[in-house]
1. Quick one: which residue in GLY262, GLY236 is out of contact with any Leu (no Cβ under 6 Å at 6 or more places or on another chain), assigned to a loop (DSSP other than H, G, I, E, B) and not aromatic (Phe, Trp, Tyr)?
2. Applying the selection to region 27-58, what residues are touching a Gly at 6+ places or on another chain (Cβ under 8 Å) and either in a strand (DSSP E or B) or within 19 Å of GLN139 (Cα to Cα) (or both)?
3. Can you say whether PHE120 is crowded, with 24+ Cβ neighbours inside 10 Å and at pLDDT 95 or above, as far as the supplied structure shows?
4. Identify, from the list VAL108, VAL73, VAL69, VAL114, the residue that is within 24 Å of LEU167 (Cα to Cα), in contact (Cβ under 8 Å) with a residue 40 or more places away in the chain and among the β-branched types (Val, Ile, Thr).
5. What residue, of GLY204, GLY193, is buried (at least 18 other Cβ atoms within 10 Å of the Cβ), modelled with pLDDT under 95 and closer than 21 Å to ARG249 by Cα?
6. I want to confirm something. Restricting to region 12-70 and keeping residues that are among the hydroxyl-bearing types (Ser, Thr, Tyr) and touching a Pro at 6+ places or on another chain (Cβ under 8 Å), which single residue is farthest from ALA150 (Cα to Cα)?
7. Tell me which residues, restricted to region 86-116, are of a type in the set (Lys, Arg), in a strand (DSSP E or B) and over 17 Å from the mean Cα position of the chain (by Cα).
8. Any chance region 244-252 includes a residue that's assigned to a helix (DSSP H, G or I), modelled with pLDDT of 95 or more, surrounded by fewer than 17 Cβ atoms within 10 Å (Cβ to Cβ) and in contact with a Pro (Cβ under 6 Å, 6 or more places away or on another chain)?
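The values are calculated or read from the model by the stated rules, or taken from the named source; none is laboratory data. In this text the structure is predicted, and so the values were computed from the model without any measurement. Cβ: placed from backbone, ideal geometry, glycine included. Neighbour counts: every protein chain shown.
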Amino acid sequence: MAYPVQTVAATSMTPTADRIGRRLAESIPAEIEAICAAMRERFGESLAAVIYYGSCLRQGDPRDGVVDVYVIVSDYARAFPGWKTRLLARFLPPTVGYLETGTPNGEVRAKYAVITLRDFRRGTSRRWFHSYLWGRFAQPCVLAYAQDDATRSAVAACLETAVRTLLGRTAPMAPPQIDAAGLWTLALNLSYGAELRPESSGRGGELVAADRGYYEGLLTDLVRAAAVPGVSRGSGDQVVYIVDISIWRRLTGRIGWALRRGLGKLLSIARWLKALWTFEGGLDYAIWKLERHSGTKIEVSERTRRRPWLHVWGELIRLYRQGVLR
């Protein structure tokens, strides 16, 4: 069963919101409709929205790997049955789960992250220090399901705020002149670098190259609206942006990203440990993802599988030293 997504009237939108809204409203394949149906069955009336994003969306094939979706719920108490899971969900959102479901085109696998709309709104705003959410959702995504127009508008507003937050916090790190692809590549590399991840250091450039027109259009819209402080469009045939940032703001920006890198490594470990508790098969999924992105075969001892909370630390240190994690 499909859950249609409709756009809000463009006349009420800023150019940035209109661009994001049109991307959100793109059609979804049958595999994603099946995932939405499974999420509706799993979370019932607490389900508010399903956001489709990540590598499967970029590549256009939901059967190639594991689909990434964010599941927006009304509250954790209605979404999760056990008090321990609810407590962990509130303490360190999002809560990750895994799903396999059949479709007319074969089985599809999905990793889903559950978060309330309230936490999603906070995490994509400038009030949230770390880039975990505003870094992710400045990237293109599709709204696969929304329970009503109000939820649809709220999600779109969060994504626009995420873009503004990421670019605003990237500007102090940029050189005096830079093109759109360069600024976005810097932004996404900073965001990825603030987590413990297996992707290469050039990941930001790959993401921008996959959807360059979308990223360039967003920056054009925001600069025209003076929504990225200190960044203006230069003159000339080639589109170059002038970054006029005070020394003080550059210094505080660099300190901020240094703190995010340190904090992000700790938060990544905390989320992985949480997933070992709440995510059935979480260890095997983590190994699969590390192998997929690093190209390195990873062997985990039976001791670690039996007591992951106790013995996973040595494995993490080993993988970090090997360069599998960055």
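1. On the way: GLY262 fails: assigned to a loop (DSSP other than H, G, I, E, B).
Of the residues listed, the single one that is out of contact with any Leu (no Cβ under 6 Å at 6 or more places or on another chain), assigned to a loop (DSSP other than H, G, I, E, B) and not aromatic (Phe, Trp, Tyr) is GLY236.
2. Step one: list which residues in region 27-58 are touching a Gly at 6+ places or on another chain (Cβ under 8 Å), which gives 34, 55-56.
Those that are touching a Gly at 6+ places or on another chain (Cβ under 8 Å) and either in a strand (DSSP E or B) or within 19 Å of GLN139 (Cα to Cα) (or both): SER55, CYS56.
3. Values: crowded, with 24+ Cβ neighbours inside 10 Å: yes; at pLDDT 95 or above: yes.
Spelling it out, PHE120 is indeed crowded, with 24+ Cβ neighbours inside 10 Å and at pLDDT 95 or above.
4. Working: VAL108 fails: within 24 Å of LEU167 (Cα to Cα); VAL73 fails: within 24 Å of LEU167 (Cα to Cα); VAL114 fails: within 24 Å of LEU167 (Cα to Cα).
On inspection, the qualifying residue turns out to be VAL69.
5. Details: GLY204 fails: closer than 21 Å to ARG249 by Cα.
Exactly one residue qualifies, and that residue is GLY193.
6. Our first condition is that a residue be among the hydroxyl-bearing types (Ser, Thr, Tyr); within region 12-70, this holds for 12, 14, 16, 27, 46, 52-53, 55, 70.
Imposing the further condition that a residue be touching a Pro at 6+ places or on another chain (Cβ under 8 Å) reduces the set to 53, 70.
Numbers: TYR53: 21, TYR70: 18 Å.
Ranking the candidates gives TYR53 first.
7. ARG109
8. First, the residues of region 244-252 that are assigned to a helix (DSSP H, G or I): 247-252.
Restricting the remaining residues to those that are modelled with pLDDT of 95 or more gives 247-252.
From what's left, surrounded by fewer than 17 Cβ atoms within 10 Å (Cβ to Cβ): 247-252.
If we keep only those that are in contact with a Pro (Cβ under 6 Å, 6 or more places away or on another chain) as well, we get 249-250.
Yes: region 244-252 contains one or more residues that are assigned to a helix (DSSP H, G or I), modelled with pLDDT of 95 or more, surrounded by fewer than 17 Cβ atoms within 10 Å (Cβ to Cβ) and in contact with a Pro (Cβ under 6 Å, 6 or more places away or on another chain).
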